[in-house]
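Sharing a structure, written as structure tokens. Questions coming.
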Amino acid sequence: MDSDTLLARITDYANRPDPFPLYTELREAGPVVRQADGSCLIGTYHEIAALLHDPRMSADPRSGTASPPSEEPAHLPFLRLDDPEHHRLRNSAMRPFGPPHSPGRVNAMRGEIVEITKHLAESFQPGRQIDVVDDFAYPLPVTVICRLLGVPQEDEQLFQAWTEVLVASADIGPEGDTAEQDRAARQARQEMGLYLIDLAEQRRGSPTGDMLSDFINEPDPALRLTGGELAETNMLLFIAGHETTVNLITNGVLTLLRQPEQLDLLRREPGLLPQAVEELLRYEPPVHMRERIPLADIDVAGTTIAAGTSVILALASASRDPKRFREPDRFDPTRPDNQHFGFGSGIHLCYGAPLARIEAEAALGALLPHLSTARLIQDPPPYRQNAMLRGPRHLPVQL
């Protein structure tokens, strides 16, 4: 097959259940594989590691030679910005979320997260058929993030609908008529943003101990977010922190049910759960690709990539590169030196990683007692359309 169609084949829904043979083809054809649409596809570990730390590589879609979408939001989330603006917004976002200004916020939720997972797992009674996505993996992160932000429980369903529309619009795939998808995404973004701004304003001068209260009552004028920045930052936390955690948990359950010997190992040695989560982030990561755009001509393994070219970094391919990982296609919860790209790397390293790790560890810990006698009803299960944020849409299991 032609290597210049690899991106089209990877994003083809028919290959969603198992894109990994295509990643092998990509690494063997690379490191840099030019695509028919003019983009470059890279799937090797060491090249991606270097590019993720290269200041010449831009995350801003407006840096490319192609015309950016005409309906870009007025305020891009910092995930899609470069320094110094990226640093300013990320620093402001981190203040109420993690160290050094709020070192205990995420860790303090560990007990609450464990209780939420136990409550969700109580419905897993012998003889029942359950959907791991709808009955467990979705409710957990949506509950946790809503509590972090201070969203009332009765409004959680609003966020489910908004995030599904926004994630679908962010997919990387063959060109097509996306007008309706783009319109729905603009509407969802506007509605979600206005909701968050209004909720934050209700806490101005009357903080309630949540992140929205901290944002709106920031005492340093230099670090205060505008209304638009507040909306985009919190939408990013919700979408990135929710959708990726759903995929991480669901991919984890699917992997363990496919590999009962590893499931038995974790049941016998639950102390291995933190390592197992890291291995899942390598072996079945929730994020498969990221786009970057060089601001200048760059050389990658002897190939010159022109400034403005769309460069697709296949993170999931890099995390299975045999030049970096021994037996990369084997799931090994005891794997040492597991420097995967499950949370990216460089200045855009996922800032929600500590929370995602706690949620995944708690989720798998709560489910382990129920999985030993469970069986998959459909394998492979139906997957989400999105090739960039890859995970099952449903995971039906018979207990």
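Name the longest site-free stretch of the chain, where the excluded sites are GluC sites (Glu not before Pro) in a DSSP loop with no more than 16 other beta-carbon atoms within 10 Å.
Looking at the chain, 176-399 is the longest stretch - no exposed GluC sites (Glu not before Pro) with at most 16 other Cβ atoms within 10 Å.
Amide H of Tyr383 versus every other amide H placed in the peptide plane: which residues, excluding those fewer than 5 positions away on the same chain, fall under 5 Å?
Arg393
Over the chain, with a Gaussian network built from C-alpha contacts below 10 Å, which listed residue (His46, His101, His288) shows the highest mean-square fluctuation?
Ranking His46, His101, His288 by mean-square fluctuation puts His101 first.
I've got another one for you. In whole Å, what is the distance between the alpha-carbon centres of the stretch 240-311 and the stretch 383-399?
15
Follow-up question, since we're still on this one. Suppose R0 equals 35 Å; then what is the FRET efficiency for Asp198 and His53 from their Cβ-Cβ distance, rounded to the nearest 0.05?
The calculated FRET efficiency here is 0.35.
Karplus couplings for the stretch 317-325 from phi (6.51 cos²θ - 1.76 cosθ + 1.60, θ = phi - 60°), rounded to Hz, Gly and Pro as x?
5, 4, 6, 10, 6, x, 6, 10, 10
Still on this structure, please answer the following. What is the calculated FRET efficiency for Thr178 to Gln125, with r their C-beta to C-beta distance and R₀ = 45 Å, to the nearest 0.05?
Computed FRET efficiency for Thr178 and Gln125: 0.55.
While we're looking at this one, here's another question. Percentage of Cα-Cα pair distances in the stretch 293-399 greater than 17 Å, rounded to whole percent?
Tail fraction, whole percent: 74.
Rounded to the nearest 500, what is the 222 nm mean residue ellipticity of the chain from helices alone, with -39500 (n - 2.57) per DSSP H run of 4+ residues and division by all residues?
My calculation for the chain gives -14000 deg cm²/dmol from helical runs alone.
So, with a 1.4 angstrom probe, what is the percent of accessible area on the chain that is carbon and sulfur?
About 52 percent, which is the carbon plus sulfur part of the accessible surface.
Quick one: which of 35-43, 103-111, 50-58 comes out on top by average Cβ neighbours within 10 Å, and what's the full order, highest first?
The packing order, highest mean first, is 35-43, 50-58, 103-111.
Provide the per residue accessible area, probe 1.4 Å, for the chain, rounded to a whole number of square angstrom.
Solvent-accessible surface per residue comes out at 43 Å².
The values are calculated or read from the model by the stated rules, or taken from the named source; none is laboratory data. These figures come from a predicted structure and were not determined experimentally. No Cβ is skipped: glycine too gets one built from the backbone with ideal geometry, and neighbour counts run over all protein chains shown. Remember, those area values only see protein heavy atoms, side chains included, never the ligands or the DNA or RNA. Shrake-Rupley method; radii C 1.70, N 1.55, O 1.52, S 1.80 Å.
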